[in-house]
Amino acid sequence: MAADLSPIDKAKFAAARRAVDLVEDGMRVGLGTGSTAAWMVRCLGERIRDEGLQLIGVPTSTRTADLARQVGIKVVALDEAKWLDITIDGADEFDPDLNLVKGGGGALLQEKIVATASDQMVVITDASKEVNHLGAFPLPVEVVPFGWQVTRALIEELLDSMDVMGRQTSLRLNGQQPFVTDEGNYIVDLHLNRIGNPRQLALVLNQIPGVVENGLFIDICDKVIIGGTDGKVEIRDINEGTVANETIEFAEDENIFRDMD
Ligand SMILES: O=C[C@H](O)[C@H](O)[C@H](O)COP(=O)(O)O
């Protein structure tokens, strides 16, 4: 039942529930990764079951692919779908220009490829992810395992010349071992505190040999849907600012919560 959800899950659910209303019959949909995106996948599953909604989903991780299949979404690879109508995904931070930090769950590479191959990217989030300046959340950088320590040293050298407040880096671990992404790479997290020029940083990081991709999503997101713990949602559009303030009724969606038991 919705009443058993934590306040933060209620906020994530509210954003996800509103976002799936943007999905129309026959659409090709990019499916993001993370706890907020998982709500969106479940909500899509409910629309498939209740309304017979037809859609094709392109997941951004094996985790999301597994969940999507479980809830009845037809899953195809990006190369099969070729182009997507919409991608709905979570984020770790968003700023007033709707630029993002992503990759807290390590899926940034597939997420960026899928979002870029979409007519629109919609981010679903709770209010805690809103920041004036990106960088409080550690910036994930995906690097190839070969020579990763040299790549990390080059990243640290680069940071010395960048407008950032912190310069610490850390290899992401899974227990005692390096965390390995779906693409077989490592993640180096950059503890920057505040990124003065995210656009520039995103470009120069990717010029370092060994860097595959970074978690800065610049000019990719079109809309952010911000969920509140009370079911209120705000929809913010990149061109038009706030376009809607609505309330999601949780009680209508009890099946979703039962499925999680
Ligand atoms: O790699 C993971 C993704 O970028 C997630 O979308 C991001 O970390 C947000 O995850 P969550 O919704 O769990 O906070």
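Results, tabulated for the structure shown:
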item	result
Cβ-placed point charges (K, R +1; D, E -1), dipole of the stretch 151-261 about Cα centre in debye, nearest 20	720 debye
The stretch 139-212: projected area of the alpha-carbon convex hull, averaged over directions, in nm²	4.7 nm²
Placed amide H near MET27: partners under 5 Å, 5+ positions off or other chain	ILE56
Phi to ³J(HN,Hα) by Karplus 6.51 cos²θ - 1.76 cosθ + 1.60 over the stretch 212-220, Hz, x for Gly, Pro	8, 6, 10, x, 7, 10, 9, 6, 10
Relative contact order of the chain, defined on C-alpha pairs under 8 angstrom at six or more residues apart (%)	23 percent
For GLU93, residues with placed amide H under 5 Å, excluding near neighbours	VAL101
Beta bridges per DSSP with both ends in the chain, % antiparallel, nearest 5	60 percent
Percent of beta bridges antiparallel (DSSP, the stretch 72-227, rounded to nearest 5)	65 percent
For ASP92, net neighbour charge (Lys/Arg +1, Asp/Glu -1) across residues whose Cβ lies under 14 Å away	-2
Amide H contacts under 5 Å for LYS232, placed H, 5+ residues apart	ILE248
Listed residues MET165, PHE146, MET121: farthest to the positive end of the dipole of the chain (Cβ charges)	PHE146
Interatomic Cα distance distribution for the stretch 124-177, bins of 10 angstrom, percent	18, 43, 29, 10
Net charge dipole size for the stretch 84-215 [Lys, Arg +1 and Asp, Glu -1 on Cβ; Debye, nearest 20]	360 debye
Cβ charges +1 (Lys, Arg) and -1 (Asp, Glu), total dipole of the chain, debye	580 debye
Modelled FRET efficiency - R0 41 Å, MET27 with LEU173, Cβ distances, 0.05 increments	0.60
Reachable aspartates and glutamates, given that their alpha-carbon falls under 12 Å from the alpha-carbon of LYS10 and they are not under 8 places away in the same chain	ASP126, ASP230, GLU249, ASP253
Sorted by Cβ density within 10 Å, fewest first, the residues TRP83, TRP148, TRP39	TRP83, TRP148, TRP39
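Taken together, the values in this text are just the output of simple stated rules run on the coordinates, not laboratory data. Just so we're clear, the structure is a prediction, and the values are computed from it rather than from any experiment. Every residue, glycine as well, gets a Cβ built from its backbone with ideal geometry; the counts of neighbours run over all protein chains shown.
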